[in-house]
2 protein chains.
Amino acid sequence: MKTTITDVAREAGVSMKTVSRVLNNEPNVAEATRERVKEAARSLQYSPNLAARGLASSRSYLLALIYDNPSPSYVTNLQGGAIEACRKSGYHLIIEPMTAEQLRSPEAETMLSRLNVDGVILTPPLCDDIDLRTMLKRLNISYVLVAPEKPGRAPTVIIDDRMAARQMTDFMLGQGHKRIGFICGHASHSSSHHRMEGYQQALEAKGIAYDPELVAKGDFSFRSGVEAAERLLADPQTRPTAIFASNDDMAAGVVSVAGRMGIGVPEQLSVCGFDDTPLAQILWPKLTTVAQPIGEMGRKAAEILIDRSGGGNPGVHTLDFELVIRESTRAPAG
Amino acid sequence: MKTTITDVAREAGVSMKTVSRVLNNEPNVAEATRERVKEAARSLQYSPNLAARGLASSRSYLLALIYDNPSPSYVTNLQGGAIEACRKSGYHLIIEPMTAEQLRSPEAETMLSRLNVDGVILTPPLCDDIDLRTMLKRLNISYVLVAPEKPGRAPTVIIDDRMAARQMTDFMLGQGHKRIGFICGHASHSSSHHRMEGYQQALEAKGIAYDPELVAKGDFSFRSGVEAAERLLADPQTRPTAIFASNDDMAAGVVSVAGRMGIGVPEQLSVCGFDDTPLAQILWPKLTTVAQPIGEMGRKAAEILIDRSGGGNPGVHTLDFELVIRESTRAPAG
DNA sequence: TTGAAAGCGCTAACAC
DNA sequence: GTGTTAGCGCTTTCAA
């Protein structure tokens with residue numbers, strides 16, 4: 001038999017409601033009573049039933065993480081951070097990987113409404129899905145945006161992608177590179193645009209003309225990095241001395257192509273990525289990249305949802321990134 | 001205002017209980033009534049409240065995935081499979097990444113008991129944690145073991161690691177390799193032992209003496225693969241012509257060391273891994289490896305928990321693996 | 001084949 | 001500061 005709140009009440013010699021007050025850290029309980037109840041709960045190994053709480057109150061102590069992200073390390077990092085925040089407050093995390101398409105089905109809406117979560121964390125590219133945001137508003141479910149295109153009215157957690165790309169470009173410029181290639185990310189991800197902007201601004205600030213020939217499209221996949229690199233490196237006369245890929249997977253593609261073409265990295269070609277995935281350390285040479293505090297972002301997002309006592313907290317929370325300089329970049333030869 | 005079961009009952013002109021029967025696919029409802037209720041539910045966009053269901057019945061429609069696995073791609077694959085099975089039956093997945101240490105804290109038990117999940121999926125190395133299994137039994141929470149050391153009494157989902165390692169070793173033997181190195185996985189993972197056994201059995205079957213000098217310890221990390229390879233490849237006279245690493249990360253370590261030492265892969269050294277993580281395709285050369293149906297395993301585990309109508313289903317479910325031959329293996333030179 | 005009533009374990013609203 | 005009384009929305013008796 002599971003112990004219930006009445007068992008604790010009996011043990012502590014108080015009413016059920018007082019126990020409830022203590023458990024929820026509500027005021028208006030004498031300190032002595034509070035201690036007695038806590039002691040009783042401990043000795044009975046009592047822990048409140050989530051479903052009963054959820055039914056009686058408005059909170060379910062459940063958060064959902066909805067995502068459509070192909071990168072396992074991104075996803076697990078984010079999950080890890082969110083989980084940590086949840087643990088601290090007795091919350092649990094439900095994960096709902098879902099394509100944008102699945103999201104549009106009526107079942108998705110049904111699922112979300114029956115779930116009765118206290119909040120939802122939205123990551124790219126779903127966080128930029130207006131239909132989804134509208135649906136959540138209609139269902140009256142609060143949500144936090146992680147790294148969206150535009151902040152919007154909901155609380156938002158971001159890093160400054162533009163600034164990070166700019167600093168990374170500056171770093172390579174500082175090493176003496178003049179012809180720096182750039183591989184864009186998937187057009188539907190907001191960060192792609194911001195990173196591109198940062199690259200352009202850095203060049204501009206140094207008075208280097210923007211050359212479209214040095215920019216290749218990509219979609220964040222390894223394969224697209226390979227294709228982009230093949231184009232960028234095709235002509236030995238005009239090829240760049242450095243390539244800035246918008247994420248590590250694509251940077252790995254560049255390294256792979258360079259290897260096949262006999263172009264030494266970093267001797268003849270500097271390469272850098274973005275995200276600092278595990279891959280960045282596994283590659284040889286180890287990849288210079290930008291570390292996003294992905295776990296932190298997950299944690300922050302969950303915290304916002306949990307403390308949404310403010311009722312909205314429509315702030316934008318910008319977390320710090322970090323340039324990680326490893327072995328794939330150096331001053332150009334000659 | 002959310003629509004409840006009474007709204008549907010009113011709309012369909014039946015009692016609440018009949019609606020409940022229809023929703024849960026219980027017998028003893030006239031077909032006409034059943035249809036009418038379904039129609040009413042649809043038109044009202046009704047979906048049952050999870051918390052209320054969980055409170056009134058014994059099921060919470062929640063499954064938990066508890067894991068302590070450092071590999072993001074393993075984790076997300078498993079999650080993906082489990083989620084698919086959950087979706088089909090209106091279940092949701094709660095994730096609880098947790099170290100073995102955290103698991104031993106009293107809070108972990110409290111957390112598990114309050115959670116009131118219908119079942120728990122346990123992955124290596126946690127699935128071999130006797131204390132955890134005992135705790136779950138005490139809490140009367142059913143669980144499924146994914147790839148445990150020994151099947152035990154609980155339902156179990158495995159692949160035949162031993163046979164897979166044996167076939168992979170056979171493959172290299174068939175290419176003409178006589179000196180095949182082996183890098184073990186973490187000793188606490190059951191699969192480590194099984195893979196080692198398969199390697200040994202393959203050699204034995206071909207009448208090749210087992211040479212401890214060709215076997216190195218590892219712990220599934222890239223770094224440990226590097227260290228193992230450094231030892232295995234140290235002596236040019238006696239070094240193996242092929243190395244079988246117990247997972248892809250360690251195989252990547254081997255490839256990296258070989259690169260540094262000027263040993264061509266696969267020209268002078270064949271390398272293969274296990275798991276077929278994304279890394280296997282990103283490496284250059286692409287890695288020969290064993291593909292585990294990790295997603296399938298997650299799906300199967302969730303299905304077992306959901307259909308636990310059998311009351312126990314103490315079977316062992318063995319899923320198929322697949323050798324993936326890529327570019328990192330070939331016949332030895334000479 | 002259907003329905004009425006009684007909870008599941010908790011919190012909210014209002015007494016005291 | 002504390003207790004009483006109703007529910008939350010559903011499933012489970014048990015009766016019709």
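Miscellaneous remarks
- Helical segments meeting 30 Å axial Cα length and Kyte-Doolittle 1.0 threshold in chain A (DSSP H): none
- Gyration tensor over alpha-carbon atoms, chain A, equivalent ellipsoid semi-axes in Å: 50, 20, 17
- Global geometry of segment B:161-291, whether rounded, prolate or oblate, following the gyration tensor of its Cα atoms and the 1.5 cut on a/c: rounded
- Residues in segment B:207-250 that a label on B:ALA333 would reach, taking backbone N under 17 Å of a point 7 Å out along Cα→Cβ: B:233-243
- The Cβ shell under 11 Å around B:PRO97 holds other residues with a net charge of -2, Lys and Arg each +1, Asp and Glu each -1.
- Computed FRET value (nearest 0.05) for A:ASP307 with B:ILE325, which takes r as the C-beta separation and R₀ as 51 Å: 0.45
- Evaluated with a Cβ-only charge set (Lys, Arg +1; Asp, Glu -1), segment B:236-295 carries a dipole of roughly 220 debye about its Cα centre, given to the nearest 20.
- Inter-site label distance for A:ARG223 and B:ALA56 at 7 Å from Cα along Cβ, in nm: 4.9 nm
- Cut-off 15 Å, label 7 Å out along Cα→Cβ of B:ARG260, residues of segment B:217-247 by amide N: B:222-235
- Annotation: average projected area of segment B:5-51 is 3.0 square nanometres, based on the convex hull of Cα atoms across all directions.
- Ordering B:VAL157, A:VAL37 by the number of other Cβ atoms within 10 Å of each residue's own Cβ, fewest first, gives A:VAL37, B:VAL157.
- When chain A is described by a simple charge dipole with +1 on each Lys and Arg Cβ and -1 on each Asp and Glu Cβ, the residue from A:ALA291, A:THR156, A:ALA216 located farthest towards its positive end is A:THR156.
- Taken about its Cα centre, chain B carries a charge dipole of about 900 debye when Lys and Arg each add +1 at the Cβ and Asp and Glu each add -1 at the Cβ.
- Considering only chain B, the C-beta nearest to the rotation axis that sends B to A is found at B:PRO72, 2, the distance in whole Å.
- Modelled spin-label separation between A:LYS2 and A:MET16, with each label point placed 7 Å from Cα along the Cα-to-Cβ direction: 1.5 nm.
- Taking Cα centre as origin and charging only the Cβ of basic (Lys, Arg, +1) and acidic (Asp, Glu, -1) residues, the dipole magnitude of the protein assembly as shown rounds to 1600 debye.
- Secondary-structure-derived ellipticity at 222 nm for chain B, considering helices only, amounts to -13500 deg cm²/dmol, per-run term -39500 (n - 2.57) for DSSP H runs with n ≥ 4.
- Using a Förster distance of 41 Å, the FRET efficiency for B:LYS178-B:ARG153 (Cβ separation, nearest 0.05): 0.45
- Springs join every pair of Cα atoms under 10 Å in this Gaussian network model of chain A, and among A:ALA209, A:ALA147, A:ALA41 the largest mean-square fluctuation is at A:ALA41.
- With all pairs of different C-alpha atoms in the average, the Kirkwood value for the hydrodynamic radius of the protein assembly as shown is 27.5 Å.
- Highest GNM mean-square fluctuation among A:VAL146, A:VAL22, A:VAL75, for chain A modelled with Cα contacts below 10 Å: A:VAL22.
- Residues A:GLU197, A:GLU107, arranged from fewest to most other Cβ atoms within 10 angstrom of their Cβ, appear as A:GLU107, A:GLU197.
- Counting beta carbons within 10 Å around each of A:PHE171, A:PHE182 and listing the fewest first gives the order A:PHE171, A:PHE182.
- Net +/- balance of residues flanking B:ASN116 in space, Cβ distance below 12 Å, scoring K and R +1, D and E -1: +4
- In the assembly of identical copies, A:VAL316 has its label point, taken 7 Å from Cα in the direction of the beta carbon, separated from the corresponding points by 5.8 nm (ascending, one decimal).
- Ranked from shortest, the separations from the 7 Å Cα-to-Cβ label point of A:MET261 to its equivalents in the other copies are 3.1 nm.
- In nanometres and ascending order, the distances from the B:GLU35 label point to those of the other copies are 6.9 (point 7 Å from Cα along Cα→Cβ).
Where a number appears in this text, it was derived from the coordinates with a stated rule and is not lab data. Model, not experiment: these values are computed from the prediction. All Cβ positions, glycine included, derive from the backbone under ideal geometry; neighbour counts span all protein chains shown.
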